[in-house]
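Here is the structure we will look at.
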Amino acid sequence: PPSCASLPPLAATPKDALDVTAFGARADDDGDDSAAILRALDALKPNQWLRFPPGRYLHDRRLPIRTRGVVLDGRGATLHATNPADMALLVQ
(Lines give C-alpha, C1' and ligand atoms only; values in the text may rest on other atoms or scores of the structure.)
Protein backbone atom coordinates (compact mmCIF):
# COMPACT_ATOMS: atom_id res chain seq x y z
CA PRO A 1 0.00 0.00 0.00
CA PRO A 2 1.15 3.59 -0.59
CA SER A 3 2.79 5.33 2.31
CA CYS A 4 3.56 8.91 3.14
CA ALA A 5 7.21 9.67 3.51
CA SER A 6 8.27 12.29 5.99
CA LEU A 7 9.14 15.59 4.43
CA PRO A 8 12.28 17.43 5.48
CA PRO A 9 11.67 20.36 7.81
CA LEU A 10 11.13 23.73 6.20
CA ALA A 11 14.20 25.90 5.95
CA ALA A 12 14.47 28.81 8.35
CA THR A 13 13.49 32.15 6.89
CA PRO A 14 16.67 33.89 5.70
CA LYS A 15 17.72 37.08 7.45
CA ASP A 16 17.50 39.02 4.17
CA ALA A 17 13.87 38.03 3.58
CA LEU A 18 11.45 40.86 2.96
CA ASP A 19 8.49 41.17 5.33
CA VAL A 20 5.13 42.04 3.82
CA THR A 21 4.30 44.21 6.84
CA ALA A 22 7.20 46.52 5.94
CA PHE A 23 5.20 47.39 2.81
CA GLY A 24 2.03 48.22 4.74
CA ALA A 25 0.19 44.89 4.95
CA ARG A 26 -1.51 44.27 8.28
CA ALA A 27 -2.77 40.86 9.32
CA ASP A 28 -6.26 40.42 10.74
CA ASP A 29 -7.35 44.06 10.40
CA ASP A 30 -10.09 43.42 7.79
CA GLY A 31 -8.47 46.02 5.53
CA ASP A 32 -7.48 45.32 1.94
CA ASP A 33 -3.78 44.41 1.75
CA SER A 34 -3.61 44.15 -2.06
CA ALA A 35 -1.51 47.27 -2.67
CA ALA A 36 0.97 46.42 0.09
CA ILE A 37 1.36 42.82 -1.09
CA LEU A 38 1.87 44.00 -4.67
CA ARG A 39 4.58 46.44 -3.54
CA ALA A 40 6.30 43.63 -1.65
CA LEU A 41 6.08 41.21 -4.60
CA ASP A 42 7.47 43.85 -6.96
CA ALA A 43 10.40 44.53 -4.58
CA LEU A 44 11.56 40.90 -4.61
CA LYS A 45 14.86 40.05 -6.24
CA PRO A 46 15.55 36.59 -7.74
CA ASN A 47 15.81 33.86 -5.07
CA GLN A 48 14.66 36.19 -2.29
CA TRP A 49 11.98 35.28 0.26
CA LEU A 50 8.86 37.23 1.21
CA ARG A 51 7.59 36.53 4.71
CA PHE A 52 3.95 36.81 5.72
CA PRO A 53 3.74 36.82 9.54
CA PRO A 54 0.88 34.70 10.92
CA GLY A 55 -2.60 36.05 10.30
CA ARG A 56 -5.09 36.70 7.50
CA TYR A 57 -4.29 39.06 4.64
CA LEU A 58 -7.14 40.24 2.41
CA HIS A 59 -6.69 40.92 -1.30
CA ASP A 60 -9.24 42.02 -3.88
CA ARG A 61 -7.28 41.42 -7.07
CA ARG A 62 -4.79 39.01 -8.58
CA LEU A 63 -1.31 39.01 -7.11
CA PRO A 64 1.29 38.45 -9.85
CA ILE A 65 4.69 37.00 -9.01
CA ARG A 66 7.07 38.23 -11.72
CA THR A 67 10.47 37.41 -10.19
CA ARG A 68 12.20 34.06 -10.64
CA GLY A 69 12.97 31.69 -7.81
CA VAL A 70 11.24 33.57 -5.01
CA VAL A 71 9.77 31.92 -1.92
CA LEU A 72 6.61 33.09 -0.19
CA ASP A 73 6.93 32.06 3.46
CA GLY A 74 3.49 32.11 5.00
CA ARG A 75 3.68 29.76 7.95
CA GLY A 76 0.53 30.52 9.90
CA ALA A 77 -0.65 33.05 7.31
CA THR A 78 -3.61 32.98 4.94
CA LEU A 79 -4.24 34.98 1.78
CA HIS A 80 -7.98 35.58 1.65
CA ALA A 81 -9.43 36.67 -1.69
CA THR A 82 -12.43 38.99 -1.39
CA ASN A 83 -13.25 39.38 -5.10
CA PRO A 84 -14.43 36.10 -6.69
CA ALA A 85 -13.95 37.56 -10.18
CA ASP A 86 -10.23 38.32 -9.67
CA MET A 87 -8.60 36.23 -6.96
CA ALA A 88 -5.49 34.51 -8.29
CA LEU A 89 -1.94 34.22 -7.03
CA LEU A 90 -0.48 34.43 -10.53
CA VAL A 91 3.00 33.12 -11.31
CA GLN A 92 4.22 34.84 -14.47
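Table for the structure above
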read-out	value
Among residues of region 52-92, those that are touching a Gly at 6+ places or on another chain (Cβ under 8 Å) and not in a strand (DSSP E or B), counted	4
Filter pass, residue 10 being aliphatic (A, V, I, L, M), exposed (fewer than 14 other Cβ atoms within 10 Å of the Cβ) and out of contact with any Phe, Trp or Tyr (no Cβ under 7 Å at 6 or more places or on another chain)	yes
Whichever residue in region 13-26 is touching a Lys or Arg at 6+ places or on another chain (Cβ under 6 Å) and in a loop (DSSP other than H, G, I, E, B) and, among such residues, is most open to solvent (accessible area, probe 1.4 Å)	13
Answer residue from region 52-92, given it is open to solvent by less than 90 Å² (accessible area, probe 1.4 Å) and among the small types (Gly, Ala, Ser) and is farthest from residue 25 (Cα to Cα) among those	69
Region 54-82 residues that are aromatic (Phe, Trp, Tyr), paired with ones that are modelled with pLDDT of 95 or more and not in a loop (DSSP other than H, G, I, E, B) (beta carbon under 8 Å, 6 or more apart)	57/20; 57/37; 57/77; 57/78; 57/79; 57/80
Residues satisfying the stated conditions in region 13-36, i.e. in contact (Cβ under 8 Å) with a residue 40 or more places away in the chain and of a type in the set (A, V, I, L, M)	17, 27
Any hit, region 36-51, residues being surrounded by fewer than 13 Cβ atoms within 10 Å (Cβ to Cβ), in a helix (DSSP H, G or I) and of a type in the set (Asp, Glu)	yes
Which listed residue, of 31, 69, is out of contact with any helix residue (DSSP H, G or I) (no Cβ under 7 Å at 6 or more places or on another chain), closer than 24 Å to residue 11 by Cα and small (Gly, Ala, Ser)	69
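The values are calculated or read from the model by the stated rules, or taken from the named source; none is laboratory data. This is a predicted model, so every value here is computed, not measured. Please note: Cβ atoms are built from the backbone with ideal geometry, for glycine as well, and neighbour counts cover all protein chains shown. Heavy atoms of the whole protein, side chains included, go into the accessibility calculation; ligands, DNA and RNA do not. Shrake-Rupley method; radii C 1.70, N 1.55, O 1.52, S 1.80 Å.
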